[in-house]
Structure formats: structure tokens, C-alpha cells
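Below: one structure, written as C-alpha cells.
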Amino acid sequence: MTTDSSRTSPTAPGGISTFKGEERALRADRLGTGGLLLSVLAATAPLMVVAGVMPTTFAVMGIVGQPLLFVVLGVVLILFSIGYAEMSRHVHNAGAFYAYISRGLGGTAGAGAALVALVAYNALQVGIYGIFGFEVSGLLATYADLEIAWWIPALVAALAVGLLGWLKIDVNARVLGVLLVIEVLLVVVFDIAAIADPGKEGLSLHAFNPDTLTGAGVGTALCFCIAAFLGFEQAPVYAEETSRPHVLVPRVMFLAVGGVAVFFALSSWALTVATGPSAIVGTSQKQSAGLLFFLTESRLGGTFTDVLHVLFVTGMFAALLSFHNVVARYAFAMGREGLLPAAFGRTSGSSGAPGTGSLLQTVVAVVVVAAFAIADDKPAGDPTAPVLHLFTWFGNIGALGVIVLMAAASLSVVVFFVRRGAAGTQAWRLVTSALAGIALLVIAGYTVKDFEVLVGAGPDSSLSWVLPGIIGLAALAGVVLGLVLRARAPEKHARIGLGNEAFQLDKAASS
């Protein structure tokens, strides 16, 4: 006789309770192509990249050819996406990276990847609170004559993001979509204005000359620029919440990578056109994160620049929400598979959102922001501390983690299809995955090697090994957890990476 799994609480062979089984899966059919694309692109925070990452790369690395770097990285990430997208047709799991790595390299490696993903995406999200708080406090001082500490708006934003994280993902997608579209339009207006009113060197294409990519700073510049792409790889995280994941996820990934590469290449080129290629490095060093606003002031006026400042903040809020959603879903997937307590593996109420994972991410954000606020104990505070420390340190920790995960996922794609006997039919995808994996390992190597440059520390600073060491510790802790599960709970270990498939097996076993 078949039992109703929503009313009983049998224990499946893997030791995972199927009580209230409907809560063990994310709600399907919530996202279409547009909603999914906007959800992942919001993490790229276009204005934050154009106003923050690009001037920093020009100023610190002295690389005029930044537009060409975006093209090169776009090619590398397209190569990565070919195999990654094909993998997404076979694996639909909110755990994305660690699920893919589990399928190719085994559950123990998957457990290591899961902890790295949880740490990396938390770091990326929490780091943005530093620059967000700094910018909001600056806006309030400028336009409202109100002096408040940076951590106050940061904590308010953390609570607002946490509340939105409990809502339906399609509601989140609409919020993200509106903010993202406005950001992109404003940057496009600047690009057009720069091209219409170029600097003294005219519409020079010098920034696309390969000769501009010479010198010791190129490797580190790659590290800066690849961070601008982070977000496209999140598409598989939402696979369970789409109607046709095997179609929508690959489509969105290619649209995201291609769109980001073209958009940022053109926008960074527009910056060189506005100042002149020979002056872009010097002007960036002088203006720093104010470069974009300096250039719009003279071309588009004060009102446009004021609006740009405000949208700079709302764009960061969109990125905060996007990364928050990803962390919550990783925590959900890990809870469902026994890598975190089972409470994380259930959705909440009518929204179908991973509420416990959302709460976890909010708590982490509040604790870290509070810790940095307490550490900023100078009488007047250090106004640059949240940017130079919280944003820079955590942003680069997160970027390193995601680069390592992409490299491991590339290897996993190759192993997965070889083990399935599909090496012949998937040969060209395996080649692209291998090439992308090698390139990503090189970038990861440069990231670790030049970490003191990325975080603005001295060559003898312990930060150069302590901060990247956090990713190493996360990987080690995850592998140890995987080994413990393999020894003590082999059934749970066997389910790592299976996601909702394991849940369906549990339901069948309990029937």
C-alpha cells in the first residue's frame, strides 16, 4: 500500500528524512529566460565594475589594454561555458558547482567544493556591504547633510536583503531586473557620450592593440577583470526553479558571458576614448573611483552625475540580493544532502524560498559587518576602512574561490563524460573544457601569487597568505567532511550532488 510522504516521516536508506517531502524541493516554473538572466546578471553590478573595478585596474596595473582583456576573458569563459552548459543538461541541482564536481570527481571532492562555494559566495556578498555603506553614508552627507557611520546603512541593507530573500524568487527577479536595466542604460548613455565627445586622441582603438598587454601587471589585471564576470556561472543554481532547465540554463549562461564581455569591453574602451589612451592610467590614478563621475560631469552635467551616484548604490544592492540568493540555495542544497543540518534543506511557507539558508547568510553578513564596525574604532572612524578592507579583502577571497571552482568544474566535465563513455560524442566539449581549465588555473595561480597587490597589502604582509588560505581551509574542511561521511554514513556520501534526484529516490523507497 502506498503511503502519503507528506503526512508520514519515513527515513530513507540514506538516513535522510522525507518528512514534509514537498519542502525538500525548490518550486519549479518560477523563472523564465528573462528572470533567470536578470537574476544572474545583477551580480555583475555593471556600475560597480565601470566606476570601481575598471579605474582600479587602469591605475594600479597601468594596463591600457583593459578592453582587450575583457575580450580575452570572454573567450576563456565561453570555452568554460560550453562544457559547463552541457553538464547542466544532465544535472539539475541548486548546488551547481559542487553538484557538478561531485558527479565528475566524486562525493568527497564535491564536499570540498561545497564548502568553498559557501565561503566564496558569502565573501563576495558580504564584501559589497563595505563599499555600499561607504557610498550611502557619503550620499547622505552630500545631499542630506547627515553624518552617519558606514556600518549603519550596511546593516540596514543586510536586513532588507534578508527579508527579500524570503520572498518568491520571481519577485526577487523583478526587483533585480528593474535595478539592472536602469544601471545598464546609464552606462550606455555614458558610452555614447564618450564616443560623441572623445578626448584629444579621438576614437582611438589603441586599447585593443595586443601590444598594450605587456608587462608584469597583466596577470594581476586578469584577476581584477575576471571578477567583473562573476554571476554568469550562477545560472545552474536556479535550475530547479525553471520550467525547462536543460534549455534555459545553457541559453542564459551564453547570453550572460557574451553580453558581459561585449558590454565591459566597450565601456572600458569608452573610458580610454574619453580621456585618451595615453592619459587613461594617469587620470585613473588621480581620480580613482571618481573617474566615471568626473567624466560624466563634464559631458552629461551634474544632474546626470547625481543620478549615477544614486544608481551606483542601487546597483550594489542588486548585487547583494543576487549573491544572497545564491548562498541561500547552496545552503539549501547542502542541507538536503547532509552537508549542513537538515533544517537548511527545507523551503519556507508559500514562497518556496530556502528560508533557513537565507537566514544563515543574513546572520553571517550582520556578524561580519559588526566585526568590521567594531574594529574601525578610531575617534572619527577611518572612512576608507570598509572599502580597503571589507570590500577588497572579502571580494578577492570570493573571486579566488570561484576561479578555483570553475577550474575544478572544467576537470569534472571531462571526467564525467569520459566515465559515461561519451568521450567521442562530446570530444569538442571536452577539449574546450580542458583549455578553459588550464587558463583558469593560470589565473588562479596569478591571483594567489599577487594577492598582496589585489588587497593593497605590502609584500611582507601576512594577508598575502592568510586571506587566500581561507579558501584552502574551506576546501580542506570540506574534504575531511566528505571522508567522514564516506566512512560513517556511506549512503549519505553517495547522495552528495544528487540533489532532488536523491529526494525522488527517497520518496520511491518510502512508497
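The values are calculated or read from the model by the stated rules, or taken from the named source; none is laboratory data. All of these numbers come straight from a predicted model, not from anything done at the bench. Cβ placement follows ideal geometry from the backbone for every residue including glycine, while neighbour counts extend to all protein chains displayed. Remember, those area values only see protein heavy atoms, side chains included, never the ligands or the DNA or RNA. Shrake-Rupley method; radii C 1.70, N 1.55, O 1.52, S 1.80 Å.
Are there DSSP H segments in the chain that both extend 27 Å or more along their axis (alpha-carbon positions) and score a mean Kyte-Doolittle hydropathy of at least 0.0? List them, or say none. Could the numbers behind the result be given before it?
Working: long enough: 66-90 (36 Å, 1.36); 107-143 (53 Å, 1.23); 169-196 (40 Å, 2.20); 245-275 (45 Å, 1.56); 291-336 (54 Å, 1.00); 355-375 (30 Å, 2.03); 392-419 (40 Å, 1.81); 427-449 (33 Å, 1.40); 463-488 (37 Å, 1.76).
Flagged H segments are 66-90, 107-143, 169-196, 245-275, 291-336, 355-375, 392-419, 427-449, 463-488.
Where the accessible area of the stretch 434-474 is counted over protein heavy atoms with a 1.4 Å probe, how much of it, in %, is carbon and sulfur?
73 percent
Please report the net charge: other residues with Cβ closer than 12 Å to the Cβ of GLY315, K and R +1, D and E -1.
-2
Could you tell me the calculated FRET efficiency between ARG174 and GLU297, based on Cβ-Cβ distance and R0 = 25 angstrom, to the nearest 0.05?
0.20
Placing +1 at every Lys and Arg Cβ and -1 at every Asp and Glu Cβ, with all other atoms neutral, what dipole size does the stretch 132-279 have around its Cα centre, in debye to the nearest 20?
Result for the stretch 132-279 is approximately 360 debye, rounded to the nearest 20.
Nearest 20 debye, what's the magnitude of the dipole of the stretch 407-496 about its Cα centre given +1 on Lys and Arg Cβ and -1 on Asp and Glu Cβ?
Dipole magnitude for the stretch 407-496 comes out near 660 debye.
Using the basic label-point model (7 angstrom from Cα toward the beta carbon), what is the TYR143 to GLU201 distance in nanometres?
Roughly 3.4 nm, to one decimal.
Which peptide among 199-209, 478-488, 258-268 comes first, and what is the full order, when sorted by highest mean count of other Cβ atoms within 10 Å?
On the way: 199-209: 14.6, 478-488: 16.9, 258-268: 20.7.
Sorting 199-209, 478-488, 258-268 by mean packing, highest first, produces 258-268, 478-488, 199-209.
Note down the magnitude of the dipole of the chain about its Cα centre, charges +1 on Lys and Arg C-beta and -1 on Asp and Glu C-beta and zero elsewhere, to the nearest 20 debye.
Result for the chain is approximately 1780 debye, rounded to the nearest 20.
Tell me what the chain gives for mean residue ellipticity at 222 nm when only DSSP H runs of n ≥ 4 count, each as -39,500 (n - 2.57), the sum divided by the residue total, rounded to 500 deg cm²/dmol.
Counting only the DSSP helices, I get -22500 deg cm²/dmol.
Set Lys and Arg Cβ to +1 and Asp and Glu Cβ to -1, take the dipole of the chain about its Cα centre, and tell me which of ALA436, GLY282, GLY231 lies farthest positive.
Farthest towards the positive pole: ALA436.
Count the lysine pairs in the chain whose Cα atoms lie under 21 Å apart, taking only pairs 8 or more positions apart in sequence or on different chains.
For the chain, qualifying lysine pairs total 5.
Given LEU115, VAL126, HIS92, which one lies farthest toward the positive end of the charge dipole of the stretch 42-178, if we put +1 on the Cβ of every Lys and Arg and -1 on the Cβ of every Asp and Glu?
HIS92
Take the solvent-accessible surface of the protein heavy atoms, probe 1.4 Å, and return the percent of it on the stretch 237-373 that carbon and sulfur atoms account for. Before the final figure, lay out each step's value.
Working: 2740 of 3980 Å².
Result for the stretch 237-373: 69 percent of the exposed heavy-atom area is carbon or sulfur.
Identify, among THR44, LEU222, PRO245, the residue whose Cα sits farthest towards the positive end of the charge dipole of the chain, taking +1 on the Cβ of Lys and Arg and -1 on the Cβ of Asp and Glu, with the dipole about the Cα centre.
PRO245
Taking only protein heavy atoms and a 1.4 Å probe, what accessible area per residue, in Å², does the chain have with all protein chains in place?
37 Å²
Sort 227-240, 294-307 by packing, meaning the average of other beta carbons within 10 Å per residue, with the highest value first.
Numbers: 227-240: 25.6, 294-307: 15.5.
The packing order, highest mean first, is 227-240, 294-307.
Would you list LEU411, LEU139, LEU167, LEU390 from the most to the least accessible area, probe 1.4 Å? Before the final figure, lay out the partial values.
Details: LEU411 95, LEU139 35, LEU167 75, LEU390 0 Å².
From most accessible down to least: LEU411, LEU167, LEU139, LEU390.
Quote to one decimal, in nm, the extra length available between ALA371 and VAL307 on full extension: 0.36 nm per residue of separation minus the C-alpha distance between them.
Details: separation 64, 0.36 × 64 = 23.04 nm, distance 3.17 nm.
This chain segment gains 19.9 nm when fully extended.
Keeping all protein chains in the complex and leaving out DNA, RNA and ligands, what accessible area do you get for ASP145 with a 1.4 Å probe, in Å² to the nearest 10?
Probe radius 1.4 Å; accessible area of ASP145 about 130 Å².
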